[in-house]
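S.K.: There's a structure below that I have some questions on.
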Amino acid sequence: MRVGIVSDTHKNLFMLDKAIKNMGEIDLLIHLGDCVEDVKKISEKYNNIEIVYVAGNNDWSYKETEKIITIKGNKILLTHGHRYNVYFGLERLYFRALEAEANIVLYGHTHVQNIEWVNNILFINPGSTTLPRDKSPGCIKLLFDEKGDFEAFTYKFEY
C-alpha cells in the first residue's frame, strides 16, 4: 500500500497538488491538519485516492483531532500534534502512542519534516507543503508491503 502524508497546507491548493504529484502513485492520502478543507477541495481531481484527515489547530469547524487506523497490521496514530505540545518534544505524544498501542505516529504542526524512532515507535512529520520552517515544502510517502513491513520516503520541492 502506498500512503501519501501531508500537513499544514494552509489553503494553498497549488502546493498540495504539487506534493501529491511529487509522491507519485498513492492509494491513501493522509492530511494531518491545518486546513483539511484543502483535501476536500482537491478530492475531485484525485477521486481514485482514499483520503483520511484529522483537524489541526486552524480547523475550527472540525472536531476530530485524532484517529487510529490500521494498515497491514500496523497501528497508526494520526494527530496534528498541537494538543501534545510537539514544539517542545515528542514525550507527551510518545505516551499517547503507548496508550494507543501504536507503532507508528503521524503528526504535523511544527512545519518541520522529521522521521524519528523513539524506542519501538516511529514518529513521522511530513513538514508543511506551504509554510515550511525547514527551508523547503515537503511531504512523506510510506510504502507497506504485504507482510506489513514499511519504508518511508521524504520529498522536498520548490515553490
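The values are calculated or read from the model by the stated rules, or taken from the named source; none is laboratory data. Nothing here was measured: the structure is a model prediction, and the numbers come from that model. Cβ coordinates were reconstructed from backbone atoms using ideal geometry, including for glycine residues, and neighbour counts include every protein chain displayed.
S.K.: Return the residues of region 23-68 that are touching a residue at least 60 places away in the same chain (Cβ under 8 Å) and exposed (fewer than 13 other Cβ atoms within 10 Å of the Cβ); say none if nothing qualifies.
M.R.: Within region 23-68, G24 is the sole residue that qualifies.
S.K.: If you go through region 82-89 one residue at a time, do you hit one that is without any contact (Cβ under 8 Å) to a residue 24 or more places away in the chain, in contact with a Leu (Cβ under 6 Å, 6 or more places away or on another chain) and not polar (S, T, N, Q)?
M.R.: Yes, because at least one residue in region 82-89 is without any contact (Cβ under 8 Å) to a residue 24 or more places away in the chain, in contact with a Leu (Cβ under 6 Å, 6 or more places away or on another chain) and not polar (S, T, N, Q).
S.K.: What number goes with the only condition from (1) in contact with a helix residue (DSSP H, G or I) (Cβ under 7 Å, 6 or more places away or on another chain); (2) of a type in the set (A, V, I, L, M, F, W, C); (3) within 18 Å of M1 (Cβ to Cβ) that I121 does not pass?
M.R.: Going through the list (1) in contact with a helix residue (DSSP H, G or I) (Cβ under 7 Å, 6 or more places away or on another chain); (2) of a type in the set (A, V, I, L, M, F, W, C); (3) within 18 Å of M1 (Cβ to Cβ), I121 breaks only (3).
S.K.: Further question: With L93, L29 as the choices, which residue is out of contact with any Pro (no Cβ under 7 Å at 6 or more places or on another chain) and assigned to a helix (DSSP H, G or I)?
M.R.: Only one candidate qualifies: L93.
Here is a yes/no grid of residues against (1) hydroxyl-bearing (S, T, Y); (2) touching a residue at least 24 places away in the same chain (Cβ under 8 Å); (3) on the phi > 0 side of the Ramachandran plot:
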residue	(1), (2), (3)
L106	no, yes, no
T110	yes, yes, no
N114	no, no, no
F123	no, yes, no
P126	no, yes, no
K135	no, no, yes
D145	no, yes, no
A152	no, yes, no
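S.K.: Next up: So is L98 modelled with pLDDT of 95 or more and touching an Asp or Glu at 6+ places or on another chain (Cβ under 7 Å) or not?
M.R.: It is false that L98 is modelled with pLDDT of 95 or more and touching an Asp or Glu at 6+ places or on another chain (Cβ under 7 Å).
S.K.: Quick one: would you say K75 is outside any loop (DSSP other than H, G, I, E, B), in contact (Cβ under 8 Å) with a residue 12 or more places away in the chain, more than 19 Å from N58 (Cβ to Cβ) and not small (G, A, S)?
M.R.: Yes: the conditions hold for K75.
S.K.: Next up: Return the only residue of K21, K11 being part of a loop (DSSP other than H, G, I, E, B) and among the basic types (K, R).
M.R.: Going through K21, K11 in turn, the sole match is K11.
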